[in-house]
1. Let me confirm something: among 241, 158, 215, which residue is without any contact (Cβ under 8 Å) to a residue 40 or more places away in the chain, within 27 Å of residue 121 (Cβ to Cβ) and over 16 Å from the mean Cα position of the chain (by Cα)?
2. For the condition crowded, with 21+ Cβ neighbours inside 10 Å, without any contact (Cβ under 8 Å) to a residue 40 or more places away in the chain and under 18 Å from residue 248 (Cα atoms), what is the one hit in 169, 177, 149?
3. Of a type outside the set (Ser, Thr, Tyr) and modelled with pLDDT under 90, is that true of residue 214?
4. If you go through the range 248-272, how many residues are aromatic (Phe, Trp, Tyr) and buried (at least 20 other Cβ atoms within 10 Å of the Cβ)?
5. Regarding the range 247-265, can at least one residue be identified that is out of contact with any Asp or Glu (no Cβ under 9 Å at 6 or more places or on another chain), assigned to a loop (DSSP other than H, G, I, E, B), free of Cβ contacts under 8 Å to residues at least 60 places away in the same chain and of a type in the set (D, E, K, R)?
6. Select from the range 283-302 the residues that are in contact with a Gly (Cβ under 9 Å, 6 or more places away or on another chain) and among the aliphatic types (A, V, I, L, M) and write down the one among them that is surrounded by the most Cβ atoms within 10 Å (Cβ to Cβ).
7. Within the range 178-199, how many residues turn out to be in a loop (DSSP other than H, G, I, E, B) and in contact with a Lys or Arg (Cβ under 9 Å, 6 or more places away or on another chain)?
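The values are calculated or read from the model by the stated rules, or taken from the named source; none is laboratory data. Predicted model only: the values in this text are computed from it and were never measured. For neighbour counting, all protein chains shown are included, and Cβ atoms are generated from backbone atoms with ideal geometry for every residue, glycine included.
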Amino acid sequence: MELVNELVSFTARSFVVFVTVVASTTAVLMLIRRRGFSSRPSGWLEVKNLNERFDNLRDGLQLGMTKGRASLKLLRKRRKAQSKADEATPTTKPTVYVVDFDGDVLATATGGLREEVTAIVGVAKPEDEVVVRLESGGGAVPHYGLAAAQLARLKDKQLKVTVCIDRVAASGGYMMACVADSVVAAPFSIIGSIGVVAQIPNVHKLLKRHDVEVQEMTAGEFKRTVTLFGEVTEKGKAKLQEQLEETHVLFKNFVKQHRAGLDIDKVATGEYWLGTRAKELGLVDALHTSDDYLLGRAKDSNIFRVQFHPANAWRERVMGGAAELAERVVLRLISRLQHLRLQ
């Protein structure tokens, strides 16, 4: 029995030490990740030629279909000769810049998007185009407002903007999409959800039942309306509903400004639709996947994918584990407590 007790005691102490080390390491890694090293640059821009990628895919298929490499070599030889001929008689092709936006509740991809847009507006010509491969179910109002403003910067420079939606652009995601000159969606993608929601858990009654009192001091009648710990009053709920309605009106006006042909009252009910129905309603302009759209543009354009990598990207890959898990937990908690979200 004594041996068992010692074993249990040792295990418990080891577990406490393990948890302490993991928590400390996580805190340090998150601090490093947030601050970075001031002596390092802010990040770097990766540019990939998608025309070459499409050519390589075709070459790979040709190789698989031929019995030997002779046909493939002949094909590449002809392509090389054609490239030289094109260089001898140059024709200016427009450039298509491709950026990806994978949105979460707090639109954290906006940081990279703003750097990519800044780079593009510095070199793009009026005949060029920017294609945004967008995926987002929406999130916090100010965060997606800023993301949409980044796309508006491209429009301000008289550049054509096309948004391609393969799976979902709802709520704040559609707020971004509607800025584009053209919206292209896959037939079964999810589009719309032009509405606003506030979802706030309240544990006031539970705390009161257990004689737990939370003191919150405010200045201003509506500094707090509906909160996590405070008592929910009819006046507070009415004020929050008023704020939701006001935000919804701004959202509808924003969409109407960029897509004047929409029956905004018909589509701004908070509903979402699949791509085919969204096209009938005027929420999107064409039904294609982003792959089909870019393949079509590759025939007469130079296509480059532009992606910004923060300076600490290598640390993120190395430290991924504990720091990433802890950050996701924090972000999820913030999103749950978020007072105002587009939906």
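1. Going through 241, 158, 215 in turn, just one is without any contact (Cβ under 8 Å) to a residue 40 or more places away in the chain, within 27 Å of residue 121 (Cβ to Cβ) and over 16 Å from the mean Cα position of the chain (by Cα): 158.
2. 169
3. Spelling it out, residue 214 is indeed of a type outside the set (Ser, Thr, Tyr) and modelled with pLDDT under 90.
4. Going through the range 248-272 one residue at a time, the tally reaches 2.
5. Yes: one or more hits.
6. 284
7. The total comes to 11.
Matching residues to (1) surrounded by 17 or more Cβ atoms within 10 Å (Cβ to Cβ); (2) at pLDDT 80 or above; (3) in a strand (DSSP E or B):
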| residue | (1), (2), (3) |
| --- | --- |
| 19 | no, no, no |
| 22 | no, no, no |
| 26 | yes, no, no |
| 63 | no, no, no |
| 75 | no, no, no |
| 93 | no, yes, no |
| 112 | yes, yes, no |
